[in-house]
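Below you'll find the structure, written out as C-alpha cells, and then a few comments.
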Amino acid sequence: MLEIGTKAPDFSLPDQNGKTHTLTEYHGKKVVLYFYPKDMTSGCTSQACSFRDLYPQFKEKGAVVLGVSKDSVASHKRFEEAHGLPFTLLSDTELNVITAYDVLKRDKEGQLTKSLSRSTYLIDEEGVIVKAFGSVKAKENPAKMLEEL
C-alpha cells in the first residue's frame with residue numbers, strides 16, 4: 001500500500017464504455033479508488049453492489065467512486081449492466097495502475113503475484129492519499145469508506 005500523505009499516482013485508463021479517465025480530471029473532488037480482483041465473482045459483486053446502494057450518499061458528500069481491476073472493458077460493461085452499477089469501472093489489463101498503487105498480492109517468498117489484494121484509497125481534492133486500506137472485507141468496505149468521508 002502507498003503511504004498516507006503522498007501524492008496519488010496519476011493514471012489513464014479506459015472505463016466500461018471505452019472512455020479514458022485520468023486522476024487529474026477529478027481534481028477538486030474526493031475520490032474513492034477501490035481495487036478488486038475480478039468482475040462477476042461473489043465478493044467483488046457484493047462489494048460493487050454495496051457501493052451501488054450507497055452511491056447517492058457518496059455523491060452527497062462530493063465523492064467520486066472508481067473501481068479498478070485487471071478485467072477488460074467488455075467484462076466491466078457486462079458487470080455494470082448485470083448489477084446496475086452507477087459508477088466508473090476502470091480496466092487495467094496491463095497492471096500499470098495496479099502496480100503503481102501497490103495492490104498486488106505477494107506469495108510466501110514475498111514475490112509479487114498477478115492477483116490483486118482488495119484495497120481502497122481515499123484521495124482528497126488535491127490528489128493526496130488521506131486513507132489507505134488493504135485486504136478489506138468486500139461487503140463492509142463501502143460503508144467504511146462512507147464513514148471515512
Among the residues of segment 118-149, which ones are among the charged types (D, E, K, R) and within 15 Å of Ile4 (Cα to Cα)? Asp124, Glu125, Glu126, Lys131, Glu148
When the residues of segment 88-98 are narrowed to those that are in contact (Cβ under 8 Å) with a residue 12 or more places away in the chain and part of a loop (DSSP other than H, G, I, E, B), which ends up surrounded by the most Cβ atoms within 10 Å (Cβ to Cβ)? Asp92
Counted residues, segment 3-26 - those being closer than 13 Å to Tyr101 by Cα and not polar (S, T, N, Q): 8
Could you tell me which numbered condition Tyr101 fails, if it satisfies all but one of (1) crowded, with 19+ Cβ neighbours inside 10 Å; (2) over 22 Å from Glu25 (Cα atoms); (3) of a type in the set (Ser, Thr, Tyr)? (2)
Within segment 81-113, the residues that are touching a Phe, Trp or Tyr at 6+ places or on another chain (Cβ under 9 Å) and of a type in the set (Asp, Glu) are Asp92
Residue list for segment 5-22, filter: surrounded by fewer than 20 Cβ atoms within 10 Å (Cβ to Cβ) and either of a type outside the set (Gly, Ala, Ser) or at pLDDT below 95 (or both): Thr6, Lys7, Pro9, Asp10, Pro14, Asp15, Asn17, Lys19, Thr20, His21, Thr22
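The values are calculated or read from the model by the stated rules, or taken from the named source; none is laboratory data. Just so you know, these numbers come straight off a predicted model, no measurement behind them. All Cβ positions, glycine included, derive from the backbone under ideal geometry; neighbour counts span all protein chains shown.
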